[in-house]
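Remarks on the structure that follows.
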Amino acid sequence: MKRTLSVAGGLAIAAAALVAAGTVVTPQAGAATTTVLVNGAPDISVDSVRGHLTQLQTIATANSGNRAHGRTGYKASVDYVQSTLQSAGYTVSVKTFTASGATGYNVIADLPGTDPNKIVQLGAHLDSVTAGPGINDDGSGSAALLSVAQAYKAAGLHPTQTVRFSWWGAEELGMLGSKAYVSSLTAADKAKITAYLNFDMIGSPNPGYFVYRNDATLEALFVNYFQTLGIPTEKETEGDGRSDHAPFQDAGVHVGGLFSGADYIKTAAQVAKWGGTVNKAFDACYHKACDTSANLDNTALNNNSDAISYGIWQLAGSGTTPPPTTPPTSPPPAGGYFENATDVAVPDLGTASSTIAVTGRTGNAPAALQVKVDIKHTYSGDLVVDLLAPDGTVYNLQNRTGGSAANVTKTFTVNASSEATNGTWSLRVSDKAAQDTGKIDLWGLQF
Ligand SMILES: [Zn+2]
């Protein structure tokens, strides 16, 4: 997130390091991943992401300690990303722009989809501030996108929509690279972009799990994914409008993204959710020299990299798991599905519950329990929707994210693997604001 430097003569140094050291910045072979996520998307290896971060650290160390716009460290970072993508089989375009009297570079690579008129675009900024190497800000997002791009190629995936990976320059000077890119697009180009997802700082050492709230569908996408991991999320507020999603949002594109926190302080309530240290910044090295490869949390880096992969496949791929936005038209195959279609009124400022008694099953519920929900309501933003397991454990499905839209008609994925399957499950719907009412029309559980 948002702030130059002059070009040192280190270009020669960087080039030498590139050639001589060989391994220092040679592209890493795309690690074919064998494990997949709940929706069939590749599970991203955190070692692959860390490997790229080690290279970005090496580049910064070899270039006056930073990878800032207009400096050799930035150009070397661009060269690294470009050659890594080319080795993975991508056609890469490096687009230049001018900022603060220096040439900047945006790196773009497409994974073509069967529908050329639809594009899911993802971005991270590749530049750092002058004060440090910017390994969390935003080497973490840049490295994760690189590993995701490699994994998708290695897995031989053919999405429906084109997946466009972007690495932006001069973000720290005020999103100048992404602004230059967006302003170079025609109206027709912009109309093709069905979603832009931004990843600026996703490996903070005292991490939080923040989801951009700019678009309800894109927000729910990530909230749902983290629920499959049993990780609660919060709405992203700290970086509101302060990163590369802003030019896309201004151009009318649906935007979303993930963030693990910068210099805001972690509260006790957040420590209860995510662990870590109370009363300490999510990233105490934000914009400092100490934002090095030692300034990362591997678990957050891994979870967020996987969430990126999951999100792409939900949006651009076929997605082997039903997408959370459209309920299945007909009940899933017999045996594992239980439903309650009795209407239950949701009173204004009140709570309604509907139960399903599950019998004849063995063992625990699955890690990807499908909860089909059909709630009729005139103002879904009023609603808090929870699933209660037989032992009373509460799984929040939706927390007042609907805005003024009517109804909640979705299938949620819940990691219920610690719950016994047999027993009485409940759907609880609480109306938290006055003047609107509705009913639970139907809900179901697919084990
Ligand atoms: Zn940043």
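The values are calculated or read from the model by the stated rules, or taken from the named source; none is laboratory data. Not measured: the values here are computed from a predicted model. Cβ: placed from backbone, ideal geometry, glycine included. Neighbour counts: every protein chain shown. Note: areas computed on protein heavy atoms with side chains; ligands, DNA, RNA excluded. Shrake-Rupley method; radii C 1.70, N 1.55, O 1.52, S 1.80 Å.
Express in Å², to the nearest 10, the accessible area of residue 199 obtained by rolling a 1.4 Å probe over the protein heavy atoms while all chains stay in place.
That residue has around 0 Å² of solvent-accessible surface.
Once you put a point 7 Å from the Cα of residue 117 and another 7 Å from the Cα of residue 361, both along the Cβ direction, what distance in nm separates them?
Label-label distance for residue 117 and residue 361, simple model: 4.2 nm.
Go through 401, 366, 427 and say which Cα lies farthest out towards the positive end of the charge dipole of the range 337-446; charges sit on Cβ, +1 for Lys and Arg, -1 for Asp and Glu.
Value: 366.
So if R0 is 30 Å, what FRET efficiency would residue 279 and residue 54 give, r being the distance between their Cβ atoms, rounded to the nearest 0.05? Display every interim value, and only then the final one.
Working: r = 31 Å, r/R0 = 1.04.
That pair, residue 279 with residue 54, gives E of 0.45.
Find, to one decimal place in angstroms, the Kirkwood hydrodynamic radius of the range 337-446, where the mean of 1/r is taken over every pair of different Cα atoms and then inverted.
Working: mean 1/r = 0.0723 Å⁻¹.
By the Kirkwood definition, the hydrodynamic radius is 13.8 Å.
For the pair residue 405 and residue 353, how long in nm is the line joining their label points, each one 7 Å along Cα→Cβ?
With each label point 7 Å from Cα toward Cβ, the separation is 2.8 nm.
Over the range 123-237, how many percent of alpha carbon pairs lie in each 5 Å bin up to the one with the longest distance?
Calculated over all Cα pairs of the range 123-237, the distribution is 2, 10, 16, 20, 24, 18, 9, 3, 0 percent.
Here is the link list: 118/372; 376/410; 95/179; 75/95; 235/288. Which ones come out longer than 18 Å on Cα distance? Working shown, then result.
Working: 118/372 28 Å; 376/410 12 Å; 95/179 12 Å; 75/95 12 Å; 235/288 25 Å.
Over 18 Å Cα-Cα: 118/372; 235/288.
Any idea which of 53, 267, 317 is furthest toward the positive side of the dipole for the chain, if Lys and Arg beta-carbons carry +1 and Asp and Glu beta-carbons -1?
Farthest towards the positive pole: 53.
Going by a ≥ b ≥ c, the root eigenvalues of the Cα gyration tensor, does the range 46-316 fall in the rounded group (a/c under 1.5), the prolate group (a/b larger than b/c) or the oblate group? Please report the intermediate quantities before stating the final value.
On the way: a/c = 1.43, a/b = 1.09, b/c = 1.31.
Rounded.
With the Cα gyration tensor of the range 67-169 in hand, convert its eigenvalues to equivalent ellipsoid semi-axes via √(5λ) and list them largest first in whole Å.
Largest first, the range 67-169 gives 25, 14, 11 Å.
Ratio of the range 178-244's C-alpha Rg to 2.2 N^0.38 Å, to two decimals? Could you put the intermediate results ahead of the total?
Details: Rg = 14.2 Å, N = 67, 2.2 N^0.38 = 10.9 Å.
Scaled against compact globular proteins, the figure is 1.31.
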